[in-house]
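Visitor: Structure below; questions to follow.
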Amino acid sequence: MFPGLLRSLTGATLIVLIVAFGWRGWLALDRPIGVVRIDGELTAAERARATEILSLFLPAGVLSVDTHGMRELLEDESWVDSVALWRAWPDGIRVEVRAEAALARWRDGALLSARGRVIEPLELVGADALPHLAGPDDSAELIMQTFQRIADVLRPHELRMEALVMDAEGSVHVRIKDGPELVFGSRDMGARLHRLDLVLRQQFPEGLARVARIDLRYDNGIAVAWREPGQSSESRQLAKGF
């Protein structure tokens, strides 16, 4: 009886010792975080905001800190594209933050990424140079796709959009930088873009300096409004058959 009891006590003691030493080892490794390094091409405002978010989790140990919570809070920021986070021994945390790249301005005060994600920027540095897009609620992704399709057609002609607006019916209006307005309507966008490309190559190889507006809503042609008075009567006769 006693030898068995002794063996049981010895086994229990051994388990307690292992746990105790393991806990002491954990505590020894779980040093208070002394260094938080933030990497990434961020503006001063973005870096300050990331620092503010990470500080919510401090003080903490390098092992016990809630890295999952850190990542989630950072990714909740609309201007953040992605977050990578590592423990940096012995007492550091390294965070790499990739900011969402804005391709256009969106409505009043927001930005839009290439994938149609609305960005609420911390500051609008350099945003005035971006094209301005606008449309109905929940249309940002569709409008960005439309913008990119039109831009692909305009680019070989060295034309760039200044603004694109989609109304509630889905009709698309575009303003070319230093150029005319384009009206696409709400349907057959692929066919109308093809027609626009043909018209630009065949009818306006030297540019659009005289053109105020091109209306592409017709099934078999386009309408052009000229900058000079008295020439708009030619508009319905141009580009029949496109």
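FYI, it's all coordinate maths here, none of it is from the lab. Owing to the predicted nature of the structure, the values given are computational and were not obtained by experimental measurement. Because the Cβ atoms are built from the backbone with ideal geometry, glycine has one as well, and the counts that use them run over all protein chains shown.
Visitor: Pull up all non-local amide H partners of I93: gap of 5 or more, or a different chain, and H-to-H distance under 5 Å with H placed in the peptide plane.
Guide: Amide H to amide H, under 5 Å and 5 or more residues apart or across chains, I93 pairs with V35, V36, R37, A88.
Visitor: Here is a follow-up. Take every DSSP beta bridge whose two residues both sit in the stretch 35-99, then give the antiparallel share in percent to the nearest 5.
Guide: Restricted to the stretch 35-99, the bridges split so that about 60 percent are antiparallel.
Visitor: Using a cut-off of 13 Å between beta-carbons, work out the net charge of the residues near Q145 (Lys and Arg +1, Asp and Glu -1, Q145 not included).
Guide: Residues close to Q145 contribute a combined charge of +1.
Visitor: Could you state the number of Å between the C-alpha centres of the stretch 170-228 and the stretch 33-110?
Guide: 45
Visitor: Residue by residue, what Karplus-based ³J(HN,Hα) values in Hz, rounded to whole numbers, does the stretch 164-173 have, using 6.51, -1.76 and 1.60 with θ = phi - 60° and x for Gly and Pro?
Guide: 9, 10, 10, 8, 4, 8, x, 6, 10, 10
Visitor: Quick query: amide H of G116 versus all other amide H atoms, modeled in the peptide plane; which residues come in under 5 Å with a sequence gap of 5 or more or a different chain?
Guide: none
Visitor: Pop out the ³J(HN,Hα) list for the stretch 55-61 in order, Karplus 6.51 cos²θ - 1.76 cosθ + 1.60 with θ = phi - 60°, rounded to Hz; leave Gly and Pro as x.
Guide: 5, 5, 9, 10, x, 6, x
Visitor: Another question, if that's okay. For E100, which sequence-distant residues (separation of 5 or more, or a different chain) have an amide H within less than 5 Å of its own amide H, given hydrogens modelled in the peptide plane?
Guide: V80, D81
Visitor: Once the principal axes of the Cα atoms of the stretch 35-99 are found, what is the range along each, listed largest first in whole angstroms?
Guide: 29, 18, 17
Visitor: Can you compute 3J(HN,Hα) from phi for each residue in the stretch 217-223, using the Karplus curve 6.51 cos²θ - 1.76 cosθ + 1.60 with θ = phi - 60°, rounded to whole Hz and x for Gly and Pro?
Guide: Each residue of the stretch 217-223 in turn: 7, 8, 6, 10, x, 9, 10 Hz.
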